[in-house]
Amino acid sequence: MSYDAQKNGTWTTESSSRGVLPRVFWTLFAVATGIVGVILVGVGTFAPAEMERVQVDGWEPFHIDTIRFTYLVATALLPISGFGLWKAAHRGGLGFWRSTARPGLLAASTTMIGAGLTSSTHFLPGRMQVLGLSAAAVGAVGLLFFWILRGPSFNLTASDGYWNKAFTVMFSLAGVCASMGSVGSFRHWSRQGYDVGPSGDLFREVKVCREHWDSDNETMRGEMRTYDVPRPVYNHTPMAGVLATLLAVGCFSEARYRMGLARRARAMSFDKLF
């Protein structure tokens, strides 16, 4: 049963429930993509490096660790997993924008943030890292934009009062944590003299043990080789502060919105009783 403000403020019998099969499908989808994403992060972090030589016009040849590409795949799978969890959990009657389009755009924005930061950290050399940081900034703005672009109103149910009150507390706490992270990041940046970069060497040396077969001794032998890989030349601290600030704004905005929904739902429930 839901409350329809367009029908003289009356409670209607429009169902807000959804079928079991879609919920099961999206739950399995979210769990599978989430597990694969976490595994890929572990592979990129702990697996032996696989170096590939890269030649870019205007740059000396350098190497990248191709294992780190698993990070890029993970930055897509983990937001997709979050999208699947939302599809499994949300109630019916929200409309296409709230139930599918907006969460999908939020997931895409999150993926852009992760892909941009990963590229600027592990793959792009020198000033080319601006491309990755710019992509992350665009993703962050898109995340906040689609977060507060909630779309048309929807019918409230009798249980919305409880759930929106719980979401108000959750987003308020998240906003406080994000605010603390934002303040900490900008304070750390101030100690760094508000340095943005670029600074330091463009590449750093990485030693990797390469194993090969010794036919004379018929055994595997290890050989240490040195590779030049891109080094982050821009300070990521201000980017972290900006991301934390946008997250805090989004959380507090969502908490305020959820509080309003909770009050409306409780008021409507009271009017229904009397």
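The values are calculated or read from the model by the stated rules, or taken from the named source; none is laboratory data. Keep in mind it's a predicted model, so treat the numbers as computed, not measured. Ideal geometry is used to build each Cβ from the backbone, glycine not excepted, and the neighbour counts take in all protein chains shown.
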Residue in segment 143-165 that is touching an Asp or Glu at 6+ places or on another chain (Cβ under 8 Å), under 30 Å from Phe69 (Cα atoms) and modelled with pLDDT under 95 present: yes
Unique match (being in contact (Cβ under 8 Å) with a residue 12 or more places away in the chain, surrounded by 17 or more Cβ atoms within 10 Å (Cβ to Cβ) and closer than 17 Å to Gly95 by Cβ) among Thr157, Thr121: Thr157
Test: Ile35 is of a type outside the set (Ser, Thr, Tyr), surrounded by fewer than 15 Cβ atoms within 10 Å (Cβ to Cβ), modelled with pLDDT of 90 or more and out of contact with any helix residue (DSSP H, G or I) (no Cβ under 6 Å at 6 or more places or on another chain): yes
Considering residues of segment 166-181 that are buried (at least 17 other Cβ atoms within 10 Å of the Cβ) and under 13 Å from Leu261 (Cβ atoms) only, the residue farthest from the chain's Cα centre (by Cα): Thr168
Residue check for Arg53: on the phi < 0 side of the Ramachandran plot, modelled with pLDDT under 95 and surrounded by 12 or more Cβ atoms within 10 Å (Cβ to Cβ): no
Hits in segment 99-118 - residues which are touching a residue at least 24 places away in the same chain (Cβ under 8 Å) and farther than 14 Å from Ile148 by Cα: Ala107, Ala108, Thr110, Thr111, Met112, Ile113, Gly114, Ala115, Leu117, Thr118
Some residue of segment 138-146 being free of Cβ contacts under 8 Å to residues at least 24 places away in the same chain and small (Gly, Ala, Ser): no
Any hit, segment 78-95, residues being farther than 30 Å from Phe154 by Cβ and touching a helix residue (DSSP H, G or I) at 6+ places or on another chain (Cβ under 9 Å): no
Extreme residue, surrounded by the most Cβ atoms within 10 Å (Cβ to Cβ), among residues of segment 189-239 that are β-branched (Val, Ile, Thr) and modelled with pLDDT under 85: Val208
Selection count where residues are at positive phi and touching a His at 6+ places or on another chain (Cβ under 8 Å), scope segment 89-123: 0
